[in-house]
1. Starting from the residue with the highest accessible area, list Glu44, Glu118 in decreasing order, probe 1.4 Å.
2. Students often get this wrong, so check it: of Lys19/Lys198; Lys131/Lys200; Lys60/Lys131, which have C-alpha atoms separated by over 25 Å?
3. Scan around Ala191 for amide H atoms under 5 Å from its own, H built in the peptide plane at 1.01 Å from N, and keep only partners 5 or more places away or cross-chain.
4. Using a Gaussian network model on the chain with a 10 Å cutoff between Cα atoms, which of Val78, Val127, Val115 fluctuates the most?
5. Looking only at Val79, Val194, Val111, which one moves most when the chain is put into a Gaussian network model with springs between Cα atoms under 10 Å?
6. Using only the Cα atoms of the range 1-156, what are the Rg and Dmax in Å?
7. If you take the Cα Rg of the range 24-91 and divide it by 2.2 N^0.38 Å, with N the number of residues, what do you get?
8. Would you kindly derive the ³J(HN,Hα) couplings of the range 134-139 from the backbone phi angles with the Karplus curve 6.51 cos²θ - 1.76 cosθ + 1.60 (θ = phi - 60°), listing them in order in whole Hz, with x for Gly and Pro?
Amino acid sequence: MKMKYEWRKQEKTTYATKKQPQLLTIPAQTFMSIHGTGNPNGPEFQTHLQTLYPAAYGLKHAYKQYAQTQACEFDDYVVFPLEGVWSLTIKGQQLDHLDKDEFSYDIMIRVPDFVPNELIAPVLAAVKAKKQLPTEQINVQQFDAMQVAQILHLGAYDDEPASFAKIDELVANQGMHRTSKIHREIYLSDARRVAPDKLKTILRYRVASN
């Protein structure tokens, strides 16, 4: 009997919703991703989202059809949450203050490990043709396994520094260090439907031993 893959149930460690910071190892993962720069409150970011989500749900539909004719453990899956890998442009790194217009980011939605990569290109072509969306902007990114520190941040995105401070304290106490200023955000809430003080976001960055 086949079953539906639900990331909240099957990957509780990776998508842990703990209010205290923790260290863990994230396995290798594959994503459909779009790169961009600028303020995430601007129109370009919204266009990226409007392109990425149809592609993610198109892949889900294609996989369901694929699983009907193949010996697959799972015949369907819940689409993974939106994620963002955030850094700054070269100009932004030189400023003495945070300028959101100088954000550099990759927003992405994970491709389940059991979904064949060869399904992706036909899906992107179909979404482009049907919905007239620039799916050529979507890249397939693969990340190797990594050691990270993370925390569940509750509240507005602008209040994230307080949660990062908690992660920093844990990392220092464990004799480790942050490997770069790049960080990842996993959006467990839909900002269009949830009040800012109720948002749930996993904050994560890579670490290594001193």
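1. Numbers: Glu44 95, Glu118 130 Å².
So, going from the largest accessible area down, we get Glu118, Glu44.
2. Table pairs above 25 Å Cα-Cα are Lys131/Lys200.
3. none
4. Val78
5. Val194
6. 17.3, 58
7. Working it through for the range 24-91, the quotient is 1.45.
8. x, 5, 5, 6, 7, 10
The values are calculated or read from the model by the stated rules, or taken from the named source; none is laboratory data. All figures in this text were calculated on a predicted structure; none of them were measured in a lab. Ligands, DNA and RNA are excluded from the accessible area calculation, which covers all protein heavy atoms including side chains. Shrake-Rupley method; radii C 1.70, N 1.55, O 1.52, S 1.80 Å.
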